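Step one of this worksheet: look at the structure below.
Readers should treat all values here as calculations from the given coordinates under stated rules, not as data from a laboratory. Just so you know, these numbers come straight off a predicted model, no measurement behind them. Every residue, glycine among them, receives a Cβ derived from its backbone with ideal geometry; neighbour counts consider all protein chains shown.
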Amino acid sequence: MYEQCVTYCPPDGPKNTSVSVSPSGEIVEGSSVTLTCSSDANPPVDKYTWYKKNVTSPKASGQSYSITNIISEDRGEYYCEAQNGRGSMNSTALMIIVAGKQTSVLTAAVGITVFILVLILFLPCFMWFRRSTGGSDVTADTQSAHPDPNSDTYTALNMKTRSPEYDTLANVRDSSSDTVPQIDAEPSDYENCREPPHNLD
């Protein structure tokens, strides 16, 4: 319109001011986005200013506004102001949606859930394997510390379970130790067989 009647249309302030975004749709956190302002004006717009809704100070100037390495704090509504010598006009606010933290939290929650499920499934198998490989050593240590009363070795060493033969042998040993052999006081046959002393007279 204005290109067709630059020479004969009366001067006027900016009209049809709007904002476009590239890429469009939901913006992933860490990526870049570019906002572009367009407006019909006669004479042409000589100043573009960018604002974020509920923020008093301007964000940038120029027909394009790029946000690099976008973060969640950058989400919000953006609009531009087009100005020439005849006036100014604000565009409709454009909502910028930044996806990042919510997705990260969801991914972390899913990962933690999967880890817990794997732990629950494999922990009993691990415990069973540990018992099967180390159970014999543990049993041996337990038997060495606490002998089995039913074993033959324990029965043989236990004084309370000794056999009657053992008691008989013990009594014989005790009685033999109490009987002391007596020395015969009578003269031996050797002494009786000795020749009497010769009479020197």
List the residues, sorted by chain then number, that are 5 or more residues from Ser66 or on another chain and whose placed amide H is less than 5 Å from its amide H. Leu35
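Per 0.36 nm of contour for each residue apart, how much would the distance between Trp128 and Ser66 grow if the chain were fully extended, relative to their Cα-Cα spacing? Spell out each step's value before the answer.
Numbers: separation 62, 0.36 × 62 = 22.32 nm, distance 5.97 nm.
Answer, rounded to one decimal: 16.3 nm.
Which value in Å is the Kirkwood Rh of the stretch 12-99 over different Cα pairs?
Details: mean 1/r = 0.0761 Å⁻¹.
13.1 Å is the Kirkwood radius here.
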Would you mind checking which residues have amide H under 5 Å from Asp12's amide H? H placed 1.01 Å from N; only 5 or more apart, or other chain. Asn42
In Hz, Karplus ³J(HN,Hα) per residue of the stretch 15-32 (6.51, -1.76, 1.60; θ = phi - 60°; x = Gly, Pro): 9, 6, 6, 8, 10, 10, 10, 9, x, 8, x, 6, 9, 7, 4, x, 8, 10
Which cross-chain or sequence-distant (5 or more) residues have an amide H under 5 Å from the amide H of Thr17, H modelled 1.01 Å from N in plane? Asp40
Modelling each spin label as a point 7 Å along the Cα-to-Cβ direction, I'd like the Asn54/Ala108 distance in nm, to one decimal. 2.4
